[in-house]
Structure formats: C-alpha cells, structure tokens
1. Of the conditions (1) farther than 21 Å from residue 47 by Cα; (2) surrounded by 11 or more Cβ atoms within 10 Å (Cβ to Cβ); (3) modelled with pLDDT under 95, residue 134 satisfies every one except a single condition; which number is it?
2. Taking the stretch 137-156 on its own, how many of its residues are at positive phi and either within 18 Å of the chain's Cα centre (by Cα) or surrounded by fewer than 19 Cβ atoms within 10 Å (Cβ to Cβ) (or both)?
3. All but one of (1) modelled with pLDDT of 95 or more; (2) in a strand (DSSP E or B); (3) more than 21 Å from the chain's Cα centre (by Cα) hold for residue 77; state the number of the condition that does not hold.
4. Could you count how many residues in the stretch 84-117 are closer than 20 Å to residue 41 by Cα and part of a strand (DSSP E or B)?
5. Going by the conditions given, is residue 161 under 30 Å from residue 92 (Cβ atoms) and either touching a strand residue (DSSP E or B) at 6+ places or on another chain (Cβ under 8 Å) or modelled with pLDDT under 85 (or both)?
6. What is the number of the single condition among (1) modelled with pLDDT under 75; (2) part of a loop (DSSP other than H, G, I, E, B); (3) surrounded by 10 or more Cβ atoms within 10 Å (Cβ to Cβ) that residue 237 does not meet?
7. Tell me the residue from 112, 127 that is touching a strand residue (DSSP E or B) at 6+ places or on another chain (Cβ under 6 Å), in contact (Cβ under 8 Å) with a residue 60 or more places away in the chain and in the same structural domain as residue 37 (by TED's automatic domain parsing), please.
C-alpha cells in the first residue's frame with residue numbers, strides 16, 4: 001500500500017510538472033494558425049482563447065495575438081523575433097480584421113515583452129480589438145519581417161482559431177441583450193424620434209402659417225374697413 005501510494009504521488013507530481021512545463025514552454029497556445037514567411041514562423045489567433053475549448057465572446061476586450069520566431073536546427077520554434085513594430089508610425093507588421101463586409105483599419109500589433117521588467121514573451125505582438133458580433137472573423141497580416149514579405153490571410157475555423165460566440169450562453173442570472181440587438185433598437189428609437197421631431201416641426205410650421213394667414217386676414221380686414229369709411233366720406237352729401 002505504501003509503495004502504491006508513493007507511485008501515485010510520483011504520477012501526480014509528474015503530471016503537475018508536465019503541466020507547469022507546458023505553461024512555461026515557448027510553444028504557442030492552441031487554436032492559433034501556423035504559417036511561414038521565408039525563414040520565419042508565424043502563429044496568429046485570439047489573445048484570450050484558452051486551449052480548453054473556451055470561446056471568444058462578443059463584447060469582451062481581446063486582441064489579435066501574433067508570434068514571430070526563427071526556427072533553428074532541431075528546434076521548430078527557434079529564436080524569438082522581438083525587434084518588430086518599435087514605432088507604430090512606421091510598423092513592420094500590420095493586421096486588419098474582417099467580419100462580413102466590414103474591415104477594420106490597419107492595426108499595429110504591439111510588442112508584449114517589457115524589457116524593463118522582463119515580463120512577457122519576446123516573440124509576441126498583440127493588436128487590441130473588441131469583437132461586437134458573433135460569427136467568423138478573418139485576420140489579414142501584412143508587412144515585412146527583416147525584409148521578408150508577409151501577406152497572409154486566415155479565417156476562423158476548426159484548424160485555425162475560434163469563431164466569436166454569443167456571451168448570453170454563459171451570462172447569469174439574466175443574459176444581457178446582444179450588442180447587435182441593442183444597436184438595432186437604438187436605431188429604431190432614433191428613427192422614431194426623428195419621425196416625431198419631423199412631425200412636430202411640420203405641425204409647428206403649419207401653425208405658423210395659420211397664424212401668419214390670420215394676421216394677414218386681420219390686416220386686410222382693417223384696410224378694407226378704412227377704405228370703406230374713406231369711400232363713404234367722399235360721397236356727395238356725406
């Protein structure tokens with residue numbers, strides 16, 4: 001029994017060590033699409049997309065996460081490339097995000113590594129974005145890596161990165177309305193308010209016209225009265 005307990009302890013310890021090493025490994029998280037640009041290895045996906053099958057949700061701040069490495073002999077990951085996009089006025093790499101027929105402006109992925117504290121990965125670059133609709137997204141990465149041209153487009157899918165999910169599936173106790181529904185309701189309310197304002201303006205214009213006509217009628221009546229009195233005075237014997 002003692003030997004079995006020791007064996008179990010060793011297995012648990014080995015499993016814990018394996019998990020710790022996996023967390024510290026330079027390998028990219030799962031659900032990232034891997035591509036090549038010359039001698040460089042690129043991985044791209046969502047920043048917040050845990051490897052446990054969790055979903056990237058609508059309305060949650062996220063980022064396009066990019067890893068750039070230079071493989072070496074016997075090492076698929078290789079050396080991190082950490083000297084890109086030092087100046088976003090003249091970025092080496094940019095990325096656009098497309099959903100349906102809408103495409104974002106070019107985003108500048110920021111280096112995740114902080115040389116002052118030593119925190120973060122030297123090969124990681126993140127472009128912040130908050131998805132506001134559920135469904136499939138497409139990333140287009142373009143630019144250069146040390147003179148090597150990059151022009152790569154990838155769409156969410158089972159072999160790349162997650163589609164964006166509706167957060168109502170995990171909201172409790174009351175699911176918040178979807179952002180698209182809120183926007184549609186705001187548009188409808190705005191349209192109704194615009195119609196009401198137009199109707200009020202039309203009524204005001206009509207009232208103003210009626211007032212002007214009444215004033216003109218009153219003036220004409222006074223003028224007609226004056227003319228009549230003047231005519232009576234000019235009659236012989238008046």
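1. It is condition (1) that residue 134 fails.
2. Residues meeting the conditions: 2.
3. Every condition holds for residue 77 apart from (1).
4. Matching residues across the stretch 84-117 total 6.
5. yes
6. Every listed condition holds for residue 237 apart from (3).
7. Every option except 127 fails the conditions.
The values are calculated or read from the model by the stated rules, or taken from the named source; none is laboratory data. These numbers come from a predicted model, not from an experiment. Neighbour counts are summed over all protein chains in view; Cβ atoms, including those assigned to glycine, are modelled from backbone coordinates with ideal geometry.
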